[in-house]
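First the structure, in the form of structure tokens, and then the observations on it.
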Amino acid sequence: MAQESPKNSAAEIPVTSNGQLEDSHEHSFNRDLKYSLPVGLGLSETKITSRGFDSAKEGVVEAGPFPSKGSRAQQKSGPVVLADEVKNPAMEKLELVRKWSLNTYKCTRQIISEKLGRGSRTVDLELEAQIDILRDNKKKYEHILRLAQTLSTQLFQMVHTQRQLGDAFADLSLKSLELHEEFGYNADTQKLLAKNGETLLGAINFFIASVNTLVNKTIEDTLLTVKQYESARIEYDAYRTDLEELNLGPRDANTLPKIEQSQQLFQVHKEKYDKMRNDVSIKLKFLEENKVKVLHNQLVLFHNAIAAYFAGNQKQLEQTLKQFHIKLKTPGADAPSWLEEQ
């Protein structure tokens, strides 16, 4: 008979009562298995299966053909399916850049067409008039603000000079006995003028701060919304022009998808334009109400303070500041110490 197969030889391996191989047969089993396997098939290429002791195929060593390079290449060359969650960040950025470039090109073309008088422009006459008035008022308010700041600077210098002059008169009043009363009167007058000047200076600075907030924060915030509205209007007109040009051309299998896509983009930008126009209208309304209220109070303060100061009515001047809840700072309270100056 022919030589027994490796499978039959492996089936006759004796085991101990606890299911382990006897030490005396372990070496001979490995040697017989090595010579009984076909040439070119190593132990690393075998498949050893282990089953329970009750199974008839206990300790079977199954040897199969080793997969060749061709078969492995064939397995790797199959289609690769990626999950939907896996996205390429570079492709996303590239798509964003492409959309931004296309949108910028359309808007630039629309702006140039409007400046050359070739393109049509959507105009809301009532809203545009309100925006022009707001911009003109902002320039006038800025001019008033600069003049008030100049007045405050000059008044501060005058008050500082009056205070120094009062100190000089007081010093001479103590050292010149023959002119003691004359120097004393002038010292008191200059100190009183300096005190009233500080009170007026507090009212003017409060006026400047309130107008500055109105001009450079409230009005500027509204104008920022106006800029966004104008950008939305340009985009709306640019995509509207594109849609009109496509509708004037032929309608076939190639142009119909483009027309449909252009219609969708036009609708998106139309909704954005309508929203921004509504936002600007609301902000202009609230700004007008706030502007009237703020300027009314500040103009009354400015008038009463100036009138009381030049009339020499100290009580009326102080009452004006109390009416608008203005607290004067103590001279030198915010001045840095000599150590901080070093």
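The values are calculated or read from the model by the stated rules, or taken from the named source; none is laboratory data. Values in this document were obtained by computation on a predicted structure and should not be read as measured data. All Cβ positions, glycine included, derive from the backbone under ideal geometry; neighbour counts span all protein chains shown. Accessible surface areas use protein heavy atoms only, side chains included; no ligands, DNA or RNA. Shrake-Rupley method; radii C 1.70, N 1.55, O 1.52, S 1.80 Å.
Observations on the structure shown:
- Table column - 3J(HN,Hα) (Hz), the stretch 317-328, Karplus curve with 6.51, -1.76, 1.60, x for Gly and Pro: 5, 5, 5, 5, 5, 5, 4, 9, 6, 9, 10, 7
- Segment Trp100..Thr213, full-extension length gain: 37.1 nm, with 0.36 nm per residue of separation and the alpha-carbon distance subtracted.
- On the basis of the beta-carbon distance and an R0 of 30 Å, Phe156 and Glu220 show a calculated FRET efficiency of 0.65.
- Put simply, the amide H of Gly119, placed in the peptide plane, has neighbours under 5 Å in Glu114, leaving out anything fewer than 5 places away on its chain.
- Computed from the Cβ-Cβ distance with R0 of 51 Å, the FRET efficiency linking Glu244 to Asp188 stands at 0.05.
- Pairs from the list Lys138/Lys275; Lys106/Lys270; Lys99/Lys258 with a Cα-Cα gap above 18 Å: Lys138/Lys275.
- Zone of Lys270's modelled label, taken as backbone nitrogen in the stretch 112-133 under 18 Å from a point 7 Å along Cα→Cβ: 120-124
- ³J(HN,Hα), Karplus 6.51/-1.76/1.60, whole Hz, each residue of the stretch 153-168, x for Gly, Pro: 5, 5, 5, 4, 5, 5, 4, 4, 5, 5, 5, 5, 5, x, 5, 5
- The stretch 120-245 shape via C-alpha gyration tensor axes, a/c threshold 1.5: prolate
- For Ile133 and Leu177, a Förster radius of 45 Å and the Cβ-Cβ distance give a FRET efficiency of 0.10, rounded to the nearest 0.05.
- Coupling constants for the stretch 107-116 follow from the phi torsions by the Karplus curve (6.51 cos²θ - 1.76 cosθ + 1.60, θ = phi - 60°), and in residue order they are 5, 5, 5, 5, 5, 5, 5, 5, 5, 7 Hz; glycine and proline get x.
- Accessible-area composition of the stretch 198-342, carbon plus sulfur, in percent [1.4 Å probe]: 55 percent
- Segment Ile111-Asp124, extension gain: residue separation times 0.36 nm, minus the distance between their alpha carbons: 2.9 nm
- Where Leu328, Leu174, Leu214 fall by accessible area, highest first, once all protein chains stay in place (1.4 Å): Leu174, Leu328, Leu214
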